[in-house]
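Since every read-out is calculated from the coordinates, none of them should be taken as a lab result. Since the model is a prediction, treat every value here as computed from it, not as a measurement. FYI the Cβ positions are ideal-geometry reconstructions off the backbone, even for glycines, and counts take in every protein chain you see.
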Amino acid sequence: MKIRIPDEQLSFASDPKSYHIQNYGGHGYELNSKIGNSSGQEIAIFAGDSFALQYAYGLDHTLRGTGFYIQGQFQHGCLISKSYVRLVNNAPIKGCKETNEALTKALAGNKYPLIVAQHWNGYRGQIQYNGDSKTTSLDDQSYTSILRGALEELRSTASERALLIVGSQPIGPAGAPGECLLRRCFLDQPCEKLLSFRSETSKSEFVNSILRDFAESTPQTYFIDPAKAICQDDNCFTFDNGKILYSDSVHLSKEGSLKTADWLSAEIEKHLE
């Protein structure tokens, strides 16, 4: 039987790009948004790229009825690092330096937990050490070393505060679930068999193991695994009860952001002073 999709989403059937833009979990939020009750009390600082901003929709809904907000410092396509820069067409991507500077200012004079989420595995071969003329290697050993260096820098930036490292959400073997599910047809699609997958086959598993190991061996540093909100008994889902959880092949949709919000806010709450 063909999986049922809400009628309002079928209008995107021929335009997956528009579907992603309109349904991405960070759609409509400024890069320095106050997430939650903007007139309330700040409780944490959330920094990162689009893998961080994707949580804005869900966290905003969870925190809006409280007296609290989380200060965001986001920039699409940027690694939160002073030592490493991302290159596009052999030039540093715009906005990354400014985002790192804004984060430094946001951290000054407080001990709010620092939450960081990034497309941890997405910058292979696209970053270089400041002053170096070559981009980084693609092999696992080299990238592990680079990533640990960036994590150590984040730990130093966080100073005495708690550092919460949000791992990459499970990424399965299929492409964007919307591209599969929004096709107009009356027969099952082969791609529907890939809408769920075992957690150990996730494309995020390798990089998350690096993040987990670093957190477990570093004081005041904690790894938060999105799989705990998206997977059940090691089975991960891109589609749940008529709701598409990913806006493209890797980013959480608004529905995915909502699904992870209670879990993520509870994890953050554990480390509030």
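Annotations
- Full-extension gain in nm, residue 233 to residue 218, via 0.36 nm per residue minus C-alpha separation: 2.6 nm
- Rounded to the nearest whole angstrom, the semi-axes of the ellipsoid equivalent to region 7-269, taken from the Cα gyration tensor as √(5λ), stand at 29, 22, 18, largest first.
- Residues of region 55-71 with an amide N closer than 19 Å to a point placed 7 Å from the Cα of residue 32 along the Cα-to-Cβ direction: 56, 69-71.
- Mean separation of Cα contacts under 8 Å, 6 or more apart, over the residue count of region 55-177: relative contact order %: 26
- Three-way shape label, region 70-135, alpha-carbon gyration tensor, a/c 1.5: prolate
- Over 29 Å (Cα to Cα) - which of 228/254; 94/270; 203/259; 17/94; 17/243 fall in this group: 94/270
- For residue 39 and residue 203, a Förster radius of 35 Å and the Cβ-Cβ distance give a FRET efficiency of 0.30, rounded to the nearest 0.05.
- What the phi angles of region 230-245 give under the Karplus curve with 6.51, -1.76 and 1.60, with θ = phi - 60°, is a coupling list of 9, 10, 10, 6, 6, 9, 10, 10, 9, 9, 8, 6, x, 10, 7, 8 Hz, glycine and proline written as x.
- Computed Kirkwood radius, in angstrom, where 1/r is averaged over Cα pairs of region 229-273: 11.4
- Label positions at residue 272 and residue 159, each projected 7 Å from the Cα along the C-beta direction, are separated by 2.2 nm.
- Potential lengthening between residue 21 and residue 152 on full extension [0.36 nm per residue; Cα-Cα distance subtracted]: 43.8 nm
- Label-to-label distance, residue 111 versus residue 144, with points set 7 angstrom from Cα along the beta-carbon direction: 3.5 nm.
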